[in-house]
Amino acid sequence: MSNNFSSEDSIKVAQAIVAAARQAAYLPEGEAMQSSPELAALEKPIFIKMFQAFKAHLQDNNAMELTADEISSMFNFAVGKGAEMAYNFMSGQKQDGNVNGLFDSRVSLYVDDRLMNFLKAEPIAAKLGGAFVDFQQQNPGLDPVLSLFEALKWTMRIAEHLALKMIQRWQQQ
């Protein structure tokens, strides 16, 4: 395992997650990902907390790596929090920066029922998390932790994109 993780490696991870999103029709070909500088700025504090929780979780469990279920939970968390961040941003509500549910799939979300129903019905985390697992198996030399967090970042951004599109549709009705 190499501790080197270049910007090219980041791009490869991002491309794998975006390709999976395109294949699942979450991000149609030619469609730009919706975001805003303000929303992107909100990602940093949550990722710092996620990384701190990650390190503490491994230490508390005397583990060197996460289980498949824990990785799956992290993708569920990224999808849920990304959608919630976009919802709170668009509705002017305070952001919830907690990382509860990061490893146990018990993410508390405070969003509109329509968005919650969409998130429950659509296997976003499974599809994008599966793309990450496939990518990691095909690229075993890349740092697994940095690859994971890069994949989670893009998963969160895709969830933000989906939530923003949904909210914009509601506003047009």
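Quick notes on this structure:
- A residue that is more than 16 Å from the chain's Cα centre (by Cα), open to solvent by less than 60 Å² (accessible area, probe 1.4 Å) and of a type in the set (S, T, N, Q) occurs nowhere in region 72-84.
- Any hit, region 140-162, residues being outside any helix (DSSP H, G or I) and either of a type in the set (Gly, Ala, Ser) or at pLDDT 95 or above (or both): yes
- Against the test of being closer than 23 Å to residue 150 by Cβ, assigned to a loop (DSSP other than H, G, I, E, B), of a type in the set (D, E, K, R) and without any contact (Cβ under 8 Å) to a residue 60 or more places away in the chain, the options 104, 69, 96 yield a single qualifying residue, 104.
- The set of residues in region 19-40 that are open to solvent by 40 Å² or more (accessible area, probe 1.4 Å), in a helix (DSSP H, G or I), modelled with pLDDT of 90 or more and not basic (Lys, Arg) comprises 19, 23.
- Test: residue in region 57-64 that is under 17 Å from the mean Cα position of the chain (by Cα) and surrounded by 11 or more Cβ atoms within 10 Å (Cβ to Cβ): no
- Single condition residue 103 does not satisfy, out of (1) within 20 Å of residue 17 (Cα to Cα); (2) surrounded by 18 or more Cβ atoms within 10 Å (Cβ to Cβ): (1)
- Near pairs, Cβ below 9 angstrom, 6+ apart or cross-chain, from region 6-18 (at pLDDT below 95) to any residue that is open to solvent by less than 30 Å² (accessible area, probe 1.4 Å) and part of a helix (DSSP H, G or I): 9/147; 9/150; 10/147; 10/150
- Within region 41-56, the residues that satisfy the criterion of being surrounded by 15 or more Cβ atoms within 10 Å (Cβ to Cβ) and within 22 Å of residue 110 (Cβ to Cβ) are 42, 43, 46, 47, 50, 53.
- Residue in region 53-100 that is nearest to residue 117 (Cα to Cα), counting only those that are among the charged types (D, E, K, R) and in contact with a helix residue (DSSP H, G or I) (Cβ under 9 Å, 6 or more places away or on another chain): 84
- Residue that is nearest to residue 32 (Cα to Cα), among those in region 149-163 that are among the hydrophobic types (A, V, I, L, M, F, W, C) and open to solvent by 10 Å² or more (accessible area, probe 1.4 Å): 162
- Entry remark, region 124-139: residues being in a helix (DSSP H, G or I) and either open to solvent by 20 Å² or more (accessible area, probe 1.4 Å) or out of contact with any Phe, Trp or Tyr (no Cβ under 9 Å at 6 or more places or on another chain) (or both) number 10 in total.
The values are calculated or read from the model by the stated rules, or taken from the named source; none is laboratory data. Quick caveat: nothing in here was measured; it's all calculated off a predicted structure. A quick note on method: Cβ atoms are made from the backbone with ideal geometry, for glycine too, and the neighbour counts reach across all protein chains shown. Side chains included, ligands, DNA and RNA excluded: accessible areas come from the protein's heavy atoms. Shrake-Rupley method; radii C 1.70, N 1.55, O 1.52, S 1.80 Å.
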